[in-house]
Each structure stands twice: as C-alpha cells, then as structure tokens.
Amino acid sequence: MQNPKSMRVFFHSLENEKLTAKTPDNQLLDFSCTEVQTRELADLSFALREGGVLNLLNINGSEFEFLIFEPDYLIDISSLAECFKPYGAHPLNYSLSRMRNRTITAPILLGNIANFFIDEFVNEDITQPVEFVSTMKKLFRTAAFECTACEDLKNPKQEQEFFRNCYTHFKNIRYAVQHFFPKADIDKDKIVLEPSFISNVLGLQGRLDIMLCDFTKFIELKSGKAVEDFRSGGTFIHSAENHYMQMILYLVVLEFNLNLPSDAVDSYLLYSKYPLLSKEKHSRTQLQKALMLRNQIVAREFILHQQNDIATADALLSGISSEQLNSAQLTGKFFDNYLAPSIDQFPQAFSALNE
C-alpha cells in the first residue's frame, strides 16, 4: 500500500539540481533538489543506476523533504544509531560492527538486565512487590548462558562491582516507574513492551522498549552514559548522540507507519544510571543526517552484493581504519589509547588475509 506521504520512484538521471525519476506506471517526473539533497545524490553516485529504487518523502509539488535509497533493504535502527561514534558518523562503522566478533561484555549484559528489570516493574503486582534477589534468580534462569559466558565476570572484583551496578539500576528503574512515569502521564496499564516496527517507506526496522497503546508516548531505556560534566563528578548534561539518533529514528517510523505528526508523540530517554527521564525534541536536521547515513550504508551493502567479487570487497573494506573513521578529528588519550587501537585491529587482520 502506498503511503500518502511518500512516492516510490525509479531513478532516471540527475542533472545540476534536477532529479528525474520514473513512476511505476512509466511516467517521468522532475524534482527540484536542495543543495544538501544534490550533494547526497552525488555521494550515492557510485551505487545509483537507472531503475534504482528511491522513496521520496513529504512531497510538495516538485520538492521533497527526504529520499530513501533502496528502501526494501531494511537497516536495524539500533545498528544505525550506533554508527554515531564520539569520533564521527561514518558508513564503515556499520561494516566494522558487522564483522567484529560478538562478545558478551559487562556493559552489554547490564543493558539486557536493565531491560529485564523494567519489564518486571511494568508488570509488577502490587501485592507481590518485585525484589532484587528473586529477580536476579529469575534472570539467571532465563539467561544462564549470557551470565556465565561473560569474561568480565570471571574476575571476582569486577563481578562484585557488576552486581553492585545491577542493584543500583534496579533501584533507579523502580524509582523511575513509581515516580517519573506518573509525572509524565505514563500509565502502566497502557504500556506495550517492545513493540516491533518495519518501515518499507524508510527502509528501517526496529523494536521500541516502551510505548503507550495510544501511540502518544514512547521511552527508550539506556543503561549507559549520557554526555556528562566530569568537573562535577559526572552529572548529566544531555543525551548521547547515538541514543538521540535512535530515538528520532523511531519517531519518524511512527510518523510514516501510523501517519502521525512528529509533534504528536512525546519521546523520552530513560537513563537508569542517574536516574533521569529526559524528554527529547525532534530535529529534522538531525533526522536528515541519520537518513543520509542510512543511505550511504545501503549503497555500500548494495555494491558488495551486486558485484560479489573480491576486488570490490577489498576496495570498500580497506577503507576501515582509525584515520578514515575519525571524521570528527578526535584527539587525546581516550582516542589514541583505546578507540583507535580497537578500530585498527580490523585492518591488521584484513590485510593478513591477502598475504
């Protein structure tokens, strides 16, 4: 079914700031592109070909707000948001993440546990209050492998610190559900946990943490850090960019899937570390940035699948390096001693394949 706010077309040509595309019934249409849109299409030129599928969104006459390259290729929203790193947003962050070994670390495990806690508190029976020890036992019965396979927990000191963190997040999530939710008019009885969405308009898929059944509010739970003021001991300044990007991507999925105005949905980030429930504003500029990155990722994936040869893979993947991905020109000990070495492990291993 065609979304009234979008049009599926087939790329024909791009000349100056004019995009010519063909409709499914073979009608040629011309669209005026902004400078940003023209630059985006130029950046996609290595993958654009006549007949390539585009979705044009929010069309007004001969203009449109967003374009989606090959929308049938669905990108996971969480994976896309995680491409926004402290050292910059780059499409090869997505490729690097896909090819890294999947390991269960203490922060990842803590994030899963925090989600388990909020499920328990949302479904809590007031006659049988949720308790920490019994909840942890229940968690271990359902995720015994993840808990025992985590290398970080094999160190006794780290294990003790981990369970202290678990208790802190348990208390903070309980406080958020009991105090923050009522103040934000979030009724527990209206909560739907982990609703999934697929958008063939945006080429995105994902699963929210919490949504109200009337679609008026949703919450993303984060167990990690926001942007903090280290001078005051790590107090909250504002949400992290990757967390914010994830939130606005879910918001635009609701906008196009359910035909909701973007300002009709209240979106929150719940940081269980502090705790803090942060109501976030929707930025179309930041959304444009996220969708452009999505298109760049899909373009590279498309070329890899279309060409299906070693030379193409080598040309694309050999660009993965700390120097290339550091588009923000981040400097300092944190990048030099921690972030850069973790990135450069891949090109070292990749180059060894050619020896």
Original post:
If you go through segment 220-238 one residue at a time, do you hit one that is within 30 Å of L56 (Cα to Cα) and at pLDDT 95 or above?
Top reply: yes
**OP:** Examine segment 127-139 for a residue that is surrounded by fewer than 18 Cβ atoms within 10 Å (Cβ to Cβ) and either in contact (Cβ under 8 Å) with a residue 60 or more places away in the chain or of a type in the set (D, E) (or both), and state whether such a residue exists.
**Re:** yes
Original post:
Name the residues in segment 312-333 that are in contact (Cβ under 8 Å) with a residue 12 or more places away in the chain and assigned to a helix (DSSP H, G or I), would you?
Top reply: D314, L316, L317, S322, Q324, L325
Subject >> Subset of segment 324-353 (residues that are loosely packed, with under 10 Cβ neighbours inside 10 Å and either in contact with a Ser or Thr (Cβ under 9 Å, 6 or more places away or on another chain) or of a type in the set (D, E, K, R) (or both)) >> reply: K333
Subject >> Of residues in segment 301-311 being over 18 Å from the mean Cα position of the chain (by Cα) and part of a helix (DSSP H, G or I), the one nearest to Y244 (Cα to Cα) >> reply: F302
Subject >> Evaluation of A106 against (1) within 30 Å of Q296 (Cβ to Cβ); (2) in contact (Cβ under 8 Å) with a residue 24 or more places away in the chain (one fails), failing number >> reply: (1)
Original post:
Can you tell which of F215, F145 is closer than 30 Å to F69 by Cα, out of contact with any strand residue (DSSP E or B) (no Cβ under 7 Å at 6 or more places or on another chain), surrounded by fewer than 19 Cβ atoms within 10 Å (Cβ to Cβ) and not acidic (D, E)?
Top reply: F215
Original post:
Can you name the condition, by its number, that T23 falls short on among (1) in contact (Cβ under 8 Å) with a residue 24 or more places away in the chain; (2) β-branched (V, I, T); (3) surrounded by 12 or more Cβ atoms within 10 Å (Cβ to Cβ)?
Top reply: (1)
Subject >> Residue match in segment 243-250 (condition: touching a helix residue (DSSP H, G or I) at 6+ places or on another chain (Cβ under 9 Å) and either of a type in the set (S, T, Y) or more than 22 Å from E82 (Cα to Cα) (or both)) >> reply: yes
**OP:** Report, by residue number, each residue of segment 60-94 that is farther than 24 Å from G206 by Cα and buried (at least 16 other Cβ atoms within 10 Å of the Cβ).
**Re:** F64, Y87
Original post:
From the set of residues in segment 256-292 that are in a helix (DSSP H, G or I) and without any contact (Cβ under 8 Å) to a residue 24 or more places away in the chain, which is farthest from the chain's Cα centre (by Cα)?
Top reply: D263
Subject >> Long-range neighbours under 6 Å by Cβ, at least six apart or interchain, first residue free of Cβ contacts under 8 Å to residues at least 60 places away in the same chain within segment 337-348, second of a type in the set (G, A, S) >> reply: A340/S322; D344/S322; P347/S321
**OP:** Among what's in segment 266-286 and is closer than 30 Å to Q37 by Cα and small (G, A, S), pick the residue that is surrounded by the most Cβ atoms within 10 Å (Cβ to Cβ).
**Re:** S267
**OP:** Return yes when L153 is more than 19 Å from the chain's Cα centre (by Cα), touching a residue at least 24 places away in the same chain (Cβ under 8 Å) and over 19 Å from S272 (Cβ atoms) and no when it is not.
**Re:** yes
Subject >> Qualifying residue in segment 146-168 (condition: over 21 Å from V122 (Cα atoms) and touching a Pro at 6+ places or on another chain (Cβ under 9 Å)) >> reply: yes
Original post:
Can you tell me which residue in segment 134-167 is modelled with the lowest pLDDT, limited to those that are under 26 Å from I219 (Cα atoms) and of a type in the set (V, I, T)?
Top reply: T142
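The values are calculated or read from the model by the stated rules, or taken from the named source; none is laboratory data. On a predicted model such as this, the values are computed, not experimentally measured, just so you know. Don't worry about glycine lacking a Cβ; one is built from the backbone with ideal geometry, like all the others, and counts go over all protein chains shown.
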